[in-house]
Each structure stands twice: as C-alpha cells, then as structure tokens.
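Asker: The structure's right below; bear with me while I get my questions together.
The values are calculated or read from the model by the stated rules, or taken from the named source; none is laboratory data. This structure is a prediction, so every number in the text was calculated from the model and none was measured. Cβ sites come from the backbone with ideal geometry, for glycine too, and all protein chains shown count toward neighbours.
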Amino acid sequence: MQQLARLEDLPADYREELAQQNLVPLWPNLRSVLPPDKPLPNTRATHWPYAALRPLLLRAGELTPIEKAERRVLVLANPGHGLEKMQASAAMYLGMQLLLPGEWAPAHRHTPNAVRMIVEGEGAYTTVGGEKCPMHRGDLILTPTGLWHDHGHDGDAPVVWLDVLDLPLVHYLEASYHVDGERQAAKPAHGERLHAQGGILPTPFFERRKTAYPMLRYPWTQTRAALEALAAAEPALDAVQVSYVNPQTGADAQNILGYYALMLRPGQTLKLPARSPATVCHLIEGAAEARIQDQQFALSAADTCCLPGYTPWVLVNSSADAPAFSSSSTKPRCIASWASTSRDSDQAHL
Ligand code: GTQ
C-alpha cells in the first residue's frame with residue numbers, strides 16, 4: 001500500500017492558510033477514515049454479569065429517589081468508546097433500569113427508539129402511546145420514536161429491565177432530544193392479541209390496517225413457544241432464531257435496530273457469522289458461553305454482552321440437558337460495502 005504524505009510534509013504557512021479557510025487536506029487523514037481492508041472499531045467485546053450489576057443497581061434505589069433520577073438506570077458502557085460516552089457500540093445504548101414498588105417514572109417522549117427487555121420482578125408496567133403494557137420477565141416492549149411513555153409499578157418487589165436505545169446513533173446525527181409530558185390516561189395494549197396468530201391479519205372490510213407500530217408488547221411466552229416450535233419442526237436447523245417484526249409488514253419492529261430471539265439446543269455450539277454492525281446479546285434463560293477471538297464470556301441468565309462487528313463469534317450452550325434462550329439486537333441488516341442503512345429521515349420531529 002502506498003505511503004501517503006503527512007501533514008508535517010506541508011509548509012507551515014500553507015497549513016495555516018488552509019485552516020483559516022476551514023479547509024483540510026485529505027491525504028494525511030485518508031487512511032484513518034478509510035482504513036485498509038476492514039474497519040477499526042472502537043467497540044470492544046464486553047460482558048456485564050448481572051450478579052455484579054444487580055447489587056449496585058439496588059443500591060442506586062437507596063441512594064437516589066426516583067424524583068431525583070427521572071430514570072434510575074445504570075448504563076452498560078463500552079470501555080472501547082470511553083465510559084463517559086455511555087454507549088455499548090457505535091449505534092446502541094444499553095441501560096439496566098430499576099423501578100421500586102409504588103414508584104413512577106414520569107412521561108416523556110424522545111427521538112431515539114427504545115425497547116425494554118424485562119429482566120426480573122412482577123407488577124410493573126410501561127404506558128406507551130396511551131397503551132398500558134404489563135412487564136413480565138423476557139417480554140420485549142417497544143417504545144418507538146416520538147411516542148409518550150411513562151413507567152409505573154403496582155407490585156411489591158423491585159423490577160429491573162434492560163433498555164436498548166439507538167441513542168448513540170441518533171445523538172451522532174444531532175437529532176437526539178426529549179420533551180416532558182403529563183401522566184397518560186391508559187387503555188390496555190391489545191396488539192399482541194390482535195396479532196397472536198402469525199399469518200392472519202385483522203382486515204376491516206378489504207383494506208389491511210397499516211400501523212407504524214401495531215404491536216408494542218412481544219410476550220416472552222409467545223416468543224419462547226415460537227422458538228420451541230421451530231426447533232421441533234426443523235430438528236436439523238442450526239440457528240433456531242426468530243425476528244421481532246411488525247406483524248402487518250414483516251419488516252423489523254423498529255427501523256434502526258433489529259431484534260432477534262435465539263434458542264440454543266442442549267449442548268449446542270452455534271457459529272455466528274461476522275456481520276458489519278456490532279451485536280448485543282442478552283441471556284434470558286439457561287447458561288451459555290460466548291467466544292470471540294481469544295475471549296470467552298460465561299453467561300448466566302440476565303447477563304448481557306456486546307460483540308464488535310466484522311468478527312465471527314460462537315455461542316455454546318453450557319448445559320447438555322436444557323435449552324438456553326437469548327435475545328440480540330443489532331443494526332437490522334449488514335451495512336453493504338458502499339451503502340449505509342442509517343434511517344435518520346425516519347426519526348420523528350417532535
Ligand atoms: O425509560 O424512557 O435507559 O428515556 C434512557 C433514556 C431509559 C426511559 C433509558 C430513557 C429511558
């Protein structure tokens with residue numbers, strides 16, 4: 001590869017004059033923005049064990065009242081980006097949120113998309129766009145861009161969930177902000193009942209409904225049953241994986257990140273191909289090991305890890321008798337050689 005001229009190879013007066021005109025020579029910087037053969041990711045493979053995180057999150061419950069936190073969250077930050085950046089990967093933000101019995105996290109809406117993956121506890125709910133979505137372990141609940149949301153808790157023990165947002169990407173696009181609102185009057189969410197039968201859609205007269213987000217809550221009982229059915233129907237299938245989609249269109253449930261659930265058969269070793277975007281993996285049930293390059297993470301239930309893009313990785317079910325279930329999120333498609341899939345124009349303007 002050709003060695004390119006450095007900035008210092010240019011006369012000082014010329015560099016000075018360029019800067020005064022807000023001009024930059026490309027060639028000294030070309031290799032850093034277009035590195036040879038593959039990207040140079042900041043995202044590091046990182047494991048956040050729930051056993052270590054949980055006591056610190058519960059302590060946050062004692063230290064900071066909800067009124068002083070608005071959202072009581074410990075952010076799962078990737079050291080490769082710098083902890084202060086509060087990002088798990090270039091596109092993804094992860095946070096573990098705690099709500100104590102009787103607490104209420106006030107209504108707001110914002111440009112980034114969020115989903116919740118419920119980790120532990122019963123009795124909490126989130127109201128999204130006026131629909132009250134109960135939270136049970138393993139459920140995936142959407143909070144799409146621009147929809148009002150507040151969280152409440154009628155149970156008697158702490159509730160914890162994992163927040164996944166496309167915040168770093170939206171922030172990078174200088175499009176991230178929020179607006180405060182009033183507590184919402186809520187009606188029960190019924191999207192998961194309307195769309196419980198895959199392949200059959202409500203069709204008033206002869207027009208199919210077209211709703212941007214027809215299903216906000218993806219109950220774990222349904223997702224788990226779909227994975228079990230897929231595993232039983234296709235015994236030779238390696239990747240027993242399903243996608244969280246908009247049931248009316250079959251497209252990804254939200255338009256920046258894609259969400260999947262995966263079942264590892266007892267004792268299974270699954271090789272996951274390299275993809276261009278980073279992936280986050282959260283273990284819902286069982287025990288598994290994630291291997292990437294020379295690193296190994298022993299994942300217990302409720303653990304979360306992040307895997308950089310452009311690198312194949314392996315998931316191994318640590319149990320020979322029980323399945324393991326995980327969810328993952330990533331950019332919906334690989335970024336092709338020349339195209340970006342960023343969809344900033346789809347973001348709501350509040
Ligand atoms: O629950 O609305 O982890 O607005 C970060 C920002 C959660 C939320 C986060 C948020 C929320």
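Asker: How many residues does the range 23-45 hold that are in contact (Cβ under 8 Å) with a residue 24 or more places away in the chain, in a loop (DSSP other than H, G, I, E, B) and hydrophobic (A, V, I, L, M, F, W, C)? Walk me through how you get there before you give the answer.
Answerer: Within the range 23-45, the first condition is being in contact (Cβ under 8 Å) with a residue 24 or more places away in the chain, and the residues that meet it are 28, 30-31, 36, 38-39, 41-45.
Okay, now just the ones that are also in a loop (DSSP other than H, G, I, E, B), so 28, 36, 38-39, 41-45.
Now drop any that are not hydrophobic (A, V, I, L, M, F, W, C), which leaves 45.
Within the range 23-45, residues that are in contact (Cβ under 8 Å) with a residue 24 or more places away in the chain, in a loop (DSSP other than H, G, I, E, B) and hydrophobic (A, V, I, L, M, F, W, C) number 1.
Asker: May I pose another question? If a residue has to be over 20 Å from ALA52 (Cβ atoms) and among the hydroxyl-bearing types (Ser, Thr, Tyr) to count, how many in the range 283-326 make the cut?
Answerer: Of the residues in the range 283-326, 3 are over 20 Å from ALA52 (Cβ atoms) and among the hydroxyl-bearing types (Ser, Thr, Tyr).
Condition check ((1) buried (at least 18 other Cβ atoms within 10 Å of the Cβ); (2) more than 9 Å from the ligand (Cβ to nearest atom); (3) part of a loop (DSSP other than H, G, I, E, B)) across all residues:
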| residue | (1), (2), (3) |
| --- | --- |
| LEU98 | yes, yes, no |
| ARG116 | yes, no, no |
| GLY138 | yes, yes, yes |
| THR145 | yes, yes, yes |
| GLY155 | no, yes, yes |
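Asker: Search the range 102-114 for residues that are within 17 Å of ALA69 (Cβ to Cβ) and away from the ligand (no atom under 11 Å from the Cβ) and pair each with any residue that is of a type in the set (A, V, I, L, M, F, W, C) and at pLDDT 95 or above when their beta-carbon atoms are under 8 Å apart and the residues are at least 6 apart or on different chains.
Answerer: Here the result reads GLU103/ILE66; TRP104/ILE66, each pair linking the range 102-114 to a residue that is of a type in the set (A, V, I, L, M, F, W, C) and at pLDDT 95 or above.
Asker: Another one. Report yes if ALA196 is surrounded by fewer than 16 Cβ atoms within 10 Å (Cβ to Cβ), modelled with pLDDT of 95 or more and more than 16 Å from the ligand (Cβ to nearest atom), otherwise no. Break it down into steps so the answer makes sense when it comes.
Answerer: Values: surrounded by fewer than 16 Cβ atoms within 10 Å (Cβ to Cβ): yes; modelled with pLDDT of 95 or more: no; more than 16 Å from the ligand (Cβ to nearest atom): yes.
Criteria not met by ALA196.
Asker: Kindly indicate whether any position in the range 164-172 is under 18 Å from the mean Cα position of the chain (by Cα), surrounded by fewer than 17 Cβ atoms within 10 Å (Cβ to Cβ) and away from the ligand (no atom under 14 Å from the Cβ).
Answerer: Step one: filter the range 164-172 for residues under 18 Å from the mean Cα position of the chain (by Cα), giving 164-172.
Next cut, surrounded by fewer than 17 Cβ atoms within 10 Å (Cβ to Cβ) only: 172.
After this cut, where a residue has to be away from the ligand (no atom under 14 Å from the Cβ) as well, the list is 172.
Yes, the conditions are met somewhere in the range 164-172.
Asker: For residues that are within 19 Å of ASP252 (Cβ to Cβ) and in contact with a His (Cβ under 9 Å, 6 or more places away or on another chain), tally how many sit in the range 192-218.
Answerer: Residues that pass the stated criteria total 3.
Asker: Shifting gears a bit: Yes or no: THR111 hydroxyl-bearing (Ser, Thr, Tyr), modelled with pLDDT of 95 or more and either under 17 Å from TYR218 (Cβ atoms) or over 16 Å from the mean Cα position of the chain (by Cα) (or both)? If you could, list the steps in order and put the result at the bottom.
Answerer: On the way: hydroxyl-bearing (Ser, Thr, Tyr): yes; modelled with pLDDT of 95 or more: yes; either under 17 Å from TYR218 (Cβ atoms) or over 16 Å from the mean Cα position of the chain (by Cα) (or both): no.
Taking the combined requirement at face value, the residue does not satisfy it.
Asker: Give, as residue ranges, the strands (runs of 3 or more DSSP E) completely inside the range 167-285 that count at least 1 residues that are over 28 Å from GLU84 (Cα atoms) and in contact (Cβ under 8 Å) with a residue 12 or more places away in the chain. Please lay out each step first, then the result.
Answerer: Values: elements: 178-180, 240-243, 258-264, 269-272, 279-285.
Once the strands (runs of 3 or more DSSP E) in the range 167-285 are filtered for at least 1 residues that are over 28 Å from GLU84 (Cα atoms) and in contact (Cβ under 8 Å) with a residue 12 or more places away in the chain, what remains is 240-243, 258-264, 269-272, 279-285.
Asker: Same structure again: Starting from the range 67-79, keep only residues that are at positive phi, then list their pairs with residues that are within 9 Å of the ligand (Cβ to nearest atom) and in a strand (DSSP E or B) whose Cβ atoms are within a distance under 7 Å, requiring at least 6 positions of separation or different chains.
Answerer: GLU70/ALA105
Asker: Another question about this same structure. Output the number of the condition that GLU84 fails; it satisfies all remaining conditions of (1) away from the ligand (no atom under 15 Å from the Cβ); (2) in a loop (DSSP other than H, G, I, E, B).
Answerer: Of everything listed in (1) away from the ligand (no atom under 15 Å from the Cβ); (2) in a loop (DSSP other than H, G, I, E, B), GLU84 misses just condition (2).
Asker: Identify, please: which residue in the range 120-136 is away from the ligand (no atom under 13 Å from the Cβ) and under 19 Å from the mean Cα position of the chain (by Cα) and is, among those, farthest from GLN184 (Cα to Cα)?
Answerer: If we take residues in the range 120-136 being away from the ligand (no atom under 13 Å from the Cβ) and under 19 Å from the mean Cα position of the chain (by Cα), then GLU120 is farthest from GLN184 (Cα to Cα).
Asker: State yes or no: is GLN222 under 23 Å from ASN113 (Cβ atoms), of a type in the set (S, T, N, Q) and more than 16 Å from the ligand (Cβ to nearest atom)? Before you say what the answer is, go through the steps one by one.
Answerer: On the way: under 23 Å from ASN113 (Cβ atoms): yes; of a type in the set (S, T, N, Q): yes; more than 16 Å from the ligand (Cβ to nearest atom): yes.
The answer is yes for GLN222.
Asker: Could you list all residues from the range 58-81 that are more than 11 Å from the ligand (Cβ to nearest atom), in contact with a helix residue (DSSP H, G or I) (Cβ under 9 Å, 6 or more places away or on another chain) and assigned to a helix (DSSP H, G or I)? So that I can check it myself, show each step before the final result.
Answerer: The initial filter retains those residues of the range 58-81 that are more than 11 Å from the ligand (Cβ to nearest atom), namely 58-68, 77-81.
Among the residues that remain, those that are also in contact with a helix residue (DSSP H, G or I) (Cβ under 9 Å, 6 or more places away or on another chain) are: 60, 77-78, 81.
Correct list: ALA60 only.
Asker: Same structure again: Considering each residue of the range 48-57, count those that are away from the ligand (no atom under 13 Å from the Cβ) and either over 25 Å from CYS305 (Cα atoms) or of a type in the set (A, V, I, L, M, F, W, C) (or both), and give that number.
Answerer: Start the filter on the range 48-57 by keeping residues that are away from the ligand (no atom under 13 Å from the Cβ), which leaves 48-56.
Still in the list and also either over 25 Å from CYS305 (Cα atoms) or of a type in the set (A, V, I, L, M, F, W, C) (or both): 48, 51-53, 56.
The qualifying residues number 5.
Asker: Six or more apart or on different chains, Cβ atoms under 6 Å: show the pairs whose first residue is in the range 138-164 and hydroxyl-bearing (Ser, Thr, Tyr) and whose second is within 13 Å of the ligand (Cβ to nearest atom) and at pLDDT 95 or above.
Answerer: THR143/ALA114; THR143/VAL128; THR143/HIS149; THR145/THR111; THR145/ASN113
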